[in-house]
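Enquirer: Just passing along the structure, written as structure tokens.
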Amino acid sequence: METMQLLSQKFKGLIELPRGELEDEWIAFNLFEISEFTSLFAKLLAQVCSCQQMTAGAGYEYMWTTSEQQSSIPASEYVQKVLDFVQQQMGDQKLFPIEPGVPFPRGFKHVASQILRRILRVYIHAYLDHQPMLDQLDIREQFCQCLIFVLKFGKKFELLGNADFEPIQLFVNQWKI
Ligand SMILES: [Zn+2]
């Protein structure tokens, strides 16, 4: 919980690209921090989530999509697939080079967008379908800081679009994203 607190402090920080920083590097850096927070948060969510579908409020379901098919799967399974996907993508040095001076691949923003969109779905499921846990665990503030950061960051760098915001449009308006 302390780590979450520490991590969430960072999400109060800068969204704009710092001067002299390359955009891809800035996106990658922030994705690492977001994914770290997400894996901690997912452990907490796993303790309360037994939803049969990956819902985003009533009447809205996220399908797990691969190149072959779309499937309706339990939320806990969906979240685990998101974590595995993020880890696999971010651990691939062809996509996320860690050697200094090695450029990010063409299409990096598309990869970044897929990662952020899937992470956002985990947050949306938690926010719309598991509100009580945020107060029971006293993590509402940290959670919202991260969620708002994800939304603003995604919008600023065009990693998220209107369709991604749709299930929480009301809050997006309230938070003035
Ligand atoms: Zn659930």
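Enquirer: Can you tell me which residue among LEU45, LEU83 is within 9 Å of the ligand (Cβ to nearest atom), in a helix (DSSP H, G or I) and within 16 Å of the chain's Cα centre (by Cα)?
Expert: Working: LEU83 fails: within 9 Å of the ligand (Cβ to nearest atom).
Of LEU45, LEU83, the one residue that is within 9 Å of the ligand (Cβ to nearest atom), in a helix (DSSP H, G or I) and within 16 Å of the chain's Cα centre (by Cα) is LEU45.
Enquirer: Give the residues of the stretch 61-70 that are part of a loop (DSSP other than H, G, I, E, B) and either modelled with pLDDT under 95 or over 17 Å from TYR123 (Cβ atoms) (or both), sorted by residue number. Let's see the steps before the verdict.
Expert: First, the residues of the stretch 61-70 that are part of a loop (DSSP other than H, G, I, E, B): 62-63, 66-69.
Matches in the stretch 61-70: MET63, THR66, SER67, GLU68, GLN69.
Enquirer: Please verify whether the stretch 95-107 includes one or more residues that are acidic (Asp, Glu) and under 13 Å from the mean Cα position of the chain (by Cα). Before the answer, list the steps.
Expert: Here is the first cut: in the stretch 95-107, the ones acidic (Asp, Glu) are 99.
Next cut, under 13 Å from the mean Cα position of the chain (by Cα) only: none.
No; the residues of the stretch 95-107 include none that is acidic (Asp, Glu) and under 13 Å from the mean Cα position of the chain (by Cα).
Enquirer: Do you know which residues across the stretch 115-139 are of a type in the set (Val, Ile, Thr) and either farther than 17 Å from ASN162 by Cβ or more than 17 Å from the chain's Cα centre (by Cα) (or both)?
Expert: Of the residues in the stretch 115-139, the ones of a type in the set (Val, Ile, Thr) are 115, 119, 122, 124, 139.
Within the stretch 115-139, ILE115, ILE119, VAL122, ILE139 meet the criteria.
Enquirer: Given the criteria more than 15 Å from LEU116 (Cα to Cα), assigned to a helix (DSSP H, G or I) and at pLDDT 95 or above, does GLN53 qualify? Before the answer, list the steps.
Expert: Details: more than 15 Å from LEU116 (Cα to Cα): yes; assigned to a helix (DSSP H, G or I): no; at pLDDT 95 or above: yes.
Here the answer is no, as GLN53 does not meet what is asked.
Enquirer: Quickly run through the stretch 112-142 and pick out the residues that are away from the ligand (no atom under 12 Å from the Cβ), β-branched (Val, Ile, Thr) and part of a helix (DSSP H, G or I).
Expert: ILE115, ILE119
Enquirer: If LYS10 passes every condition in (1) of a type in the set (D, E, K, R); (2) farther than 18 Å from LEU159 by Cα; (3) touching a Lys or Arg at 6+ places or on another chain (Cβ under 8 Å) but one, which one does it miss?
Expert: (3)
Enquirer: Another question, then. Got a sec? Which of THR55, THR65, THR3 is more than 15 Å from the ligand (Cβ to nearest atom) and within 24 Å of ASP135 (Cβ to Cβ)? Please lay out each step first, then the result.
Expert: Details: THR55 fails: more than 15 Å from the ligand (Cβ to nearest atom); THR65 fails: within 24 Å of ASP135 (Cβ to Cβ).
Just a single option satisfies the conditions, and that option is THR3.
Enquirer: Continuing with the same structure: Out of ILE73, ILE27, report the one residue that is part of a loop (DSSP other than H, G, I, E, B) and of a type outside the set (Gly, Ala, Ser). I'd like the intermediate steps shown before the answer.
Expert: Working: ILE27 fails: part of a loop (DSSP other than H, G, I, E, B).
None of the others qualify; the one that does is ILE73.
The values are calculated or read from the model by the stated rules, or taken from the named source; none is laboratory data. Since the model is a prediction, treat every value here as computed from it, not as a measurement. Counting neighbours? That spans all protein chains shown, and the Cβs are built from the backbone with ideal geometry, glycine included.
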